[in-house]
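**Student:** Structure in structure tokens, see below.
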Amino acid sequence: MNLYELTRTPLPGRAEAMPLDSTHAVLGTDMTVVPQGFETLWLGLGCFWGAERLFWKLPGVYSTAVGYAGGITPNPTYEEVCSGQTGHAEVVQIVYNPEEITLAELLAEFWQAHDPTQGLRQGNDIGAQYRSAVYGSEAQLAEATKLAQVYQQQLKADGYCVITTEVKPMGVFYYAEQYHQQYLHKNPTGYCGLKGTGVVCPI
């Protein structure tokens with residue numbers, strides 16, 4: 001589902017990438033490296049601060065990073081993404097070992113950690129940048145779509161509406177500013193808007 005279409009002229013952005021210290025502040029791994037045999041998935045579930053912390057704690061996850069995906073503007077800033085004129089969603093990049101954690105397990109964590117029926121918001125965080133999203137390969141999207149159909153039945157039984165999660169091939173991932181990376185590790189009392197529905201996703 002492509003929930004968000006940019007209707008205004010996109011911001012021009014810039015050619016230069018955001019300066020980045022690529023060492024993960026918690027895991028000590030390189031956020032820009034994908035080891036041989038590992039896979040990468042990009043998930044949007046509201047504010048990326050709490051979302052990143054959720055995934056770096058999972059066994060089998062090699063690294064996480066926060067950034068912007070699903071939009072048009074090259075190398076956007078946080079302020080530009082929040083303007084709604086870049087088309088991006090806040091996402092977490094997850095590099096994982098499929099022999100230690102499966103795609104289905106990651107997606108189940110994703111579905112359960114937020115409300116995927118809220119459209120262009122997540123709780124009190126309102127705007128297209130907070131939309132629910134799954135970006136990845138064709139095979140990853142096929143599994144995400146299949147699991148979404150299963151989870152939809154669980155949500156419906158609990159009185160929730162239709163899943164609005166954007167599921168589409170990954171384009172370009174832009175790393176967010178350094179201060180956003182592992183934000184809740186650096187600021188343990190910082191804001192976390194992550195809130196699930198309480199509905200279990202069977203895998």
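The values are calculated or read from the model by the stated rules, or taken from the named source; none is laboratory data. All values reported here derive from a predicted model rather than from experimental measurement. Cβ: placed from backbone, ideal geometry, glycine included. Neighbour counts: every protein chain shown.
**Student:** List the residue pairs whose Cβ atoms are under 6 Å apart, where the first residue sits in region 6-32 and is over 30 Å from VAL61 (Cβ atoms), the second is among the charged types (D, E, K, R), and the two are 6 or more positions apart or on different chains.
**Tutor:** LEU11/GLU80
**Student:** So if I check each of THR9, THR40, THR32, THR64, which one is more than 24 Å from TYR191 (Cβ to Cβ) and within 15 Å of the chain's Cα centre (by Cα)?
**Tutor:** Details: THR9 fails: within 15 Å of the chain's Cα centre (by Cα); THR32 fails: within 15 Å of the chain's Cα centre (by Cα); THR64 fails: more than 24 Å from TYR191 (Cβ to Cβ).
Sole residue among the options that is more than 24 Å from TYR191 (Cβ to Cβ) and within 15 Å of the chain's Cα centre (by Cα): THR40.
**Student:** So is LEU120 more than 17 Å from TRP42 (Cβ to Cβ), modelled with pLDDT of 95 or more, surrounded by 14 or more Cβ atoms within 10 Å (Cβ to Cβ) and aliphatic (A, V, I, L, M) or not?
**Tutor:** So LEU120 passes the test.
**Student:** OK, next. Name, by its number, the condition in (1) farther than 20 Å from ARG53 by Cα; (2) crowded, with 18+ Cβ neighbours inside 10 Å that does not hold for VAL172.
**Tutor:** It is condition (2) that VAL172 fails.
**Student:** Can you tell me which residues in region 137-156 are closer than 17 Å to ILE203 by Cβ, in contact (Cβ under 8 Å) with a residue 24 or more places away in the chain and small (Gly, Ala, Ser)?
**Tutor:** Matches in region 137-156: ALA144, ALA148.
**Student:** Then there is this: Inside region 185-197, can you point out the residues that are in contact (Cβ under 8 Å) with a residue 12 or more places away in the chain and more than 16 Å from GLY44 (Cβ to Cβ)?
**Tutor:** If the condition is that a residue be in contact (Cβ under 8 Å) with a residue 12 or more places away in the chain and more than 16 Å from GLY44 (Cβ to Cβ), then HIS185, LYS186, GLY190, TYR191, THR197 are the ones that fit.
**Student:** Just checking, how many residues over region 179-193 are crowded, with 16+ Cβ neighbours inside 10 Å and over 23 Å from GLY28 (Cβ atoms)?
**Tutor:** Looking only at that region, the number is 1.
**Student:** Identify all residues within region 158-179 that are under 29 Å from THR145 (Cβ atoms), within 19 Å of the chain's Cα centre (by Cα) and not hydroxyl-bearing (Ser, Thr, Tyr); write none if there are none.
**Tutor:** ILE163, GLU166, VAL167, LYS168, PRO169, MET170, GLY171, VAL172, PHE173, ALA176, listed by residue number.
**Student:** Do we find that GLN182 is under 18 Å from the mean Cα position of the chain (by Cα), at positive phi and touching a residue at least 40 places away in the same chain (Cβ under 8 Å) in this structure? Can you show your working first?
**Tutor:** Numbers: under 18 Å from the mean Cα position of the chain (by Cα): yes; at positive phi: yes; touching a residue at least 40 places away in the same chain (Cβ under 8 Å): yes.
Yes.
**Student:** Output the residues belonging to region 118-176 that are among the hydroxyl-bearing types (Ser, Thr, Tyr) and either part of a strand (DSSP E or B) or within 30 Å of GLY13 (Cα to Cα) (or both).
**Tutor:** TYR130, SER132, TYR135, SER137, THR164, THR165, TYR174, TYR175
**Student:** Something else about it: Output the residues belonging to region 85-119 that are within 17 Å of PRO35 (Cβ to Cβ) and among the aromatic types (Phe, Trp, Tyr).
**Tutor:** Residue satisfying the conditions is TYR96 alone.
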